[in-house]
1. Can you work out the Karplus-derived ³J(HN,Hα) for every residue in segment 78-92? Use 6.51 cos²θ - 1.76 cosθ + 1.60 with θ = phi - 60°, whole Hz, and x for glycine or proline.
2. How would Ile72, Ile77, Ile23 line up from fewest to most surrounding beta-carbon atoms within 10 angstrom?
3. Fully extended, how many nm does the chain gain between Gln57 and Lys83 (0.36 nm per residue separation, minus their Cα-Cα distance)?
4. For a quick check: sort Tyr5, Tyr81, Tyr90 by the number of other beta carbons within 10 angstrom, fewest at the front.
5. For Glu45, Glu102, which order do you get if you count the other beta carbons within 10 Å of each Cβ and list the fewest first?
6. Rounded to whole Hz and in sequence order, give me ³J(HN,Hα) for segment 99-111 from the Karplus expression 6.51 cos²θ - 1.76 cosθ + 1.60, θ = phi - 60°, writing x for Gly and Pro.
7. Could you compute the net charge surrounding Leu30? Neighbours are other residues with a C-beta less than 14 Å from the C-beta of Leu30; K and R count +1, D and E count -1.
8. With a sphere of radius 13 Å drawn around the Cβ of Ala44, what net charge do the other residues whose Cβ falls strictly inside it have (Lys, Arg +1; Asp, Glu -1)?
Amino acid sequence: MLEVYIDAATAGNPGPSGIGIFIKGEGHQLQISEFIGQTNNHLAEFTALVRGLEEAQKLGSSLISVRSDSKIVVSSIEKEYVKNEEFKPYLEQALALAHSFELFFIKWIPDNQNKAADALARQALQQAK
């Protein structure tokens with residue numbers, strides 16, 4: 001099983017944003033730190049999810065466990081629903097990717113359990129300066 005930790009960092013809301021993805025398991029350890037431009041924190045968190053799932057798919061695993069400290073992202077995936085129209089394309093893309101795996105789990109974790117992804121997201125913001 002791959003464990004996919006995701007996070008986003010935004011300087012201002014909206015503002016410059018970065019995403020961090022840490023994937024481990026099945027002999028893999030992958031760290032991704034990307035600047036994604038100007039956006040708000042929620043969209044950055046959804047972007048991190050989609051990007052994390054894309055990377056997990058490339059690794060060829062059929063079992064994925066995503067961990068995120070974003071309650072809105074986790075809740076949206078669990079319910080397969082978002083009120084905010086701005087989030088819908090991201091949700092649809094994430095669900096399509098999630099359904100491509102044999103087993104997919106997503107779990108909310110507190111910030112202190114998401115330090116690796118958080119550091120990568122913050123690093124992306126620093127690289128943009």
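Since every read-out is calculated from the coordinates, none of them should be taken as a lab result. Fair warning: this is a prediction, and the values are worked out from it, not measured in the lab. Cβ: placed from backbone, ideal geometry, glycine included. Neighbour counts: every protein chain shown.
1. The phi angles translate into 4, 8, 6, 7, 9, 6, 5, 4, 4, 8, 4, x, 5, 4, 4 Hz.
2. In order of increasing Cβ crowding within 10 Å: Ile72, Ile77, Ile23.
3. Result: 6.6 nm gained on full extension.
4. Details: Tyr5 25, Tyr81 11, Tyr90 20.
The fewest-first ordering by Cβ neighbours comes to Tyr81, Tyr90, Tyr5.
5. Working: Glu45 28, Glu102 8.
Fewest-to-most ranking of Glu45, Glu102: Glu102, Glu45.
6. Going residue by residue, I get 6, 7, 8, 4, 10, 9, 10, 9, 9, 7, 10, x, 3 Hz, with x marking Gly and Pro.
7. Values: positive: Lys24, Arg51, Lys58; negative: Glu3, Glu26, Glu34, Glu54, Glu55.
With Lys, Arg at +1 and Asp, Glu at -1, the net is -2.
8. Values: positive: Arg51, Arg122; negative: Asp7, Glu34, Glu45, Asp69, Glu86, Asp118.
Net charge around Ala44: -4.
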